[in-house]
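Working notes, beginning with the structure itself.
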Amino acid sequence: MTNGRVLVLSGVSGSGKTAVGRNLAQTLGWRFIEGDRFHSDANREKMQRGEPLNNTDRHPWLQRLHEEISACLASGERAVLACSALKKSYRLYLSVVPECVRFVLLSGDFKLIQNRLQQRRGHFMNPALLRSQFDALEISADLQLVDIDQPIEHIVSAVIETLGDWTQTDSEGST
């Protein structure tokens, strides 16, 4: 059994995965992993053009994320991973050791997130893809939902509260 933990903050583009994830990781004293950096240049270019990724495009990205999660767990590391993980099949694939990987969906309505995307600058994700992301989102029992229509510090507190003792350091002193 590993002492490692990986919390995957999932959600559509603009839901706050990176901002919340960085804050949450700092609060917990865990490492932050930006899932977008695992995308190929071709994937980033495709999304920038407003073209949704298909499963063939996503497979190498998911494989790299799976390997990163596996490495974290094998070393006993604890990390927060910002990753869309919109489909249940993707989350199942990323659940390397199910009791050590949890998924929290940063949830908000379309209009709220659309407004955020319109204000965001310098990100490769084309806001035109938001509808396709909402259409792809599969809500299932493996997700714990946290509402994003509140300040980041409240979202971070809600995530920690939702996860309960799962985020706590075990008796062996692993971090």
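The values are calculated or read from the model by the stated rules, or taken from the named source; none is laboratory data. None of the values given here were measured: they were computed from a predicted structure. All Cβ positions, even for glycine, are placed from backbone atoms using ideal geometry, and neighbour counts span all protein chains on display. With ligands, DNA and RNA removed, areas are computed over all heavy atoms of the protein, side chains included. Shrake-Rupley method; radii C 1.70, N 1.55, O 1.52, S 1.80 Å.
Is there any pair with a first residue in the stretch 141-170 that is in contact (Cβ under 8 Å) with a residue 40 or more places away in the chain and among the aliphatic types (A, V, I, L, M) and a second that is open to solvent by less than 50 Å² (accessible area, probe 1.4 Å) and part of a loop (DSSP other than H, G, I, E, B) whose Cβ atoms are under 9 Å apart and which are 6 or more apart or on different chains, and what are they?
Partner pairs satisfying both residue conditions: Leu143/Ala85; Ile148/Gly11; Ile148/Ser15; Ile148/Gly16; Ile148/Gly108; Ile152/Gly16; Ile155/Gly16; Ile155/Ile148.
What is the number of the single condition among (1) in contact (Cβ under 8 Å) with a residue 60 or more places away in the chain; (2) farther than 22 Å from Asp142 by Cβ; (3) open to solvent by 40 Å² or more (accessible area, probe 1.4 Å) that Thr18 does not meet?
If we test Thr18 against (1) in contact (Cβ under 8 Å) with a residue 60 or more places away in the chain; (2) farther than 22 Å from Asp142 by Cβ; (3) open to solvent by 40 Å² or more (accessible area, probe 1.4 Å), just (2) comes out false.
Here is a yes/no grid of residues against (1) touching a Lys or Arg at 6+ places or on another chain (Cβ under 7 Å); (2) touching a residue at least 40 places away in the same chain (Cβ under 8 Å); (3) on the phi < 0 side of the Ramachandran plot:
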{"site": "Gly50", "(1), (2), (3)": "no, yes, no"}
{"site": "Glu67", "(1), (2), (3)": "no, no, yes"}
{"site": "Ala74", "(1), (2), (3)": "no, yes, yes"}
{"site": "Leu81", "(1), (2), (3)": "no, yes, yes"}
{"site": "Tyr93", "(1), (2), (3)": "no, no, yes"}
{"site": "Ile113", "(1), (2), (3)": "no, yes, yes"}
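Check whether at least one residue in the stretch 56-70 is at pLDDT below 95 and open to solvent by 80 Å² or more (accessible area, probe 1.4 Å), and report yes or no.
Taking every residue of the stretch 56-70 in turn, at least one turns out to be at pLDDT below 95 and open to solvent by 80 Å² or more (accessible area, probe 1.4 Å).
Kindly provide the set of residues from the stretch 91-121 that are modelled with pLDDT of 95 or more, of a type outside the set (Val, Ile, Thr), in contact with a helix residue (DSSP H, G or I) (Cβ under 7 Å, 6 or more places away or on another chain) and open to solvent by less than 20 Å² (accessible area, probe 1.4 Å), ordered by number.
Leu94, Cys100, Phe103, Leu106 - these are the residues of the stretch 91-121 that are modelled with pLDDT of 95 or more, of a type outside the set (Val, Ile, Thr), in contact with a helix residue (DSSP H, G or I) (Cβ under 7 Å, 6 or more places away or on another chain) and open to solvent by less than 20 Å² (accessible area, probe 1.4 Å).
Take the stretch 149-170 and flag every residue that is more than 14 Å from Cys100 (Cβ to Cβ), in a helix (DSSP H, G or I) and open to solvent by 50 Å² or more (accessible area, probe 1.4 Å).
Passing the criteria: Ile152, Glu153, His154, Ser157, Glu161, Thr162.
For the stretch 10-125, list the helices (runs of 4 or more DSSP H) that sit wholly inside it and hold at least 1 residues that are more than 22 Å from Asp149 (Cβ to Cβ), among the β-branched types (Val, Ile, Thr) and under 17 Å from the mean Cα position of the chain (by Cα); which are they?
Those helices (runs of 4 or more DSSP H) span 55-75.
Can you say whether Ser10 is modelled with pLDDT of 95 or more, crowded, with 19+ Cβ neighbours inside 10 Å and either in contact with a Pro (Cβ under 8 Å, 6 or more places away or on another chain) or of a type in the set (Ser, Thr, Tyr) (or both), as far as the supplied structure shows?
yes
Which of the residues that make up the stretch 122-175 are more than 28 Å from Gly76 (Cβ to Cβ) and at pLDDT below 80?
Within the stretch 122-175, Gly122, His123, Phe124, Met125, Asn126, Pro127, Ala128, Leu129 meet the criteria.
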